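See structure below.
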Amino acid sequence: MISRERRRAASFRLVRCSWHCSGPTPHSVIAQGLAFERAEEIIDGELDASPTIQAVVEALVRARANILEQIRHLEAKVRLIARQNKIVRRLMSVPGVGVITALGFAATID
């Protein structure tokens, strides 16, 4: 049997990890948005760029769109798995604990 103190310490570590690992910082989100905005300007011809650069940027924008679609698809699968697991749902009731953290914690303990 796990002691109460060890469970509490594990809970604090879980919340701290989910807080620090939950996603990109606001600064990186802003930088990504600015870079994507510039890419759209290059594609639309609003910024001067060589045809080679324009072709590369178009390919990167298409690749980014495909990756984002795959991420959405995988996130939906992960959420479905989490909904089907009672322990994971209980872990997600802790403030700051999301699907990935709860699934990872449950998989480690199980």
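The values are calculated or read from the model by the stated rules, or taken from the named source; none is laboratory data. Source: prediction; values computed, not measured. Counting neighbours? That spans all protein chains shown, and the Cβs are built from the backbone with ideal geometry, glycine included. Surface accessibility is based on the protein's heavy atoms, side chains included, excluding ligands, DNA and RNA. Shrake-Rupley method; radii C 1.70, N 1.55, O 1.52, S 1.80 Å.
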Problem set entry | Cα-based shape type of region 49-91, given that a ≥ b ≥ c are square roots of the gyration tensor eigenvalues and the cut on a/c is 1.5 | prolate
For this session: With label points built 7 Å along Cα→Cβ from the Cα atoms of Asp110 and Asp48, find their separation and express it in nm.
Result: 5.9
Problem set entry | Heavy atoms of Thr108: accessible area, 1.4 Å probe, square angstrom to 10 | 110
For this session: Would you kindly derive the ³J(HN,Hα) couplings of region 101-110 from the backbone phi angles with the Karplus curve 6.51 cos²θ - 1.76 cosθ + 1.60 (θ = phi - 60°), listing them in order in whole Hz, with x for Gly and Pro?
Result: 4, 5, 5, x, 5, 5, 5, 5, 6, 5
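How charged is the neighbourhood of Arg72? Take every other residue with its Cβ under 14 Å from the Cβ of Arg72, and add Lys/Arg as +1 and Asp/Glu as -1. Write down the numbers at each step before the final one.
Numbers: positive: Arg64, Lys77, Arg79; negative: Glu69, Glu75.
Taking every Cβ under 14 Å from that of Arg72, the sum is +1.
Suppose R0 equals 41 Å; then what is the FRET efficiency for Arg62 and Ile100 from their Cβ-Cβ distance, rounded to the nearest 0.05? Could the numbers behind the result be given before it?
On the way: r = 27 Å, r/R0 = 0.66.
For Arg62 and Ile100, the calculated efficiency is 0.95.
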Exercise. Residues with amide H under 5 Å of Gly96's amide H, sequence separation 5 or more or different chain, H placed in the peptide plane at 1.01 Å from N; which?
Worked result: none
Seminar exercise, completed: Stretched fully, the stretch from Arg83 through Gln70 gains (0.36 nm per residue minus C-alpha distance, one decimal, in nm) 2.7 nm
Exercise. Which value, in Å² rounded to 10, gives the accessible area of Glu69 with a 1.4 Å probe and all protein chains present?
Worked result: 100
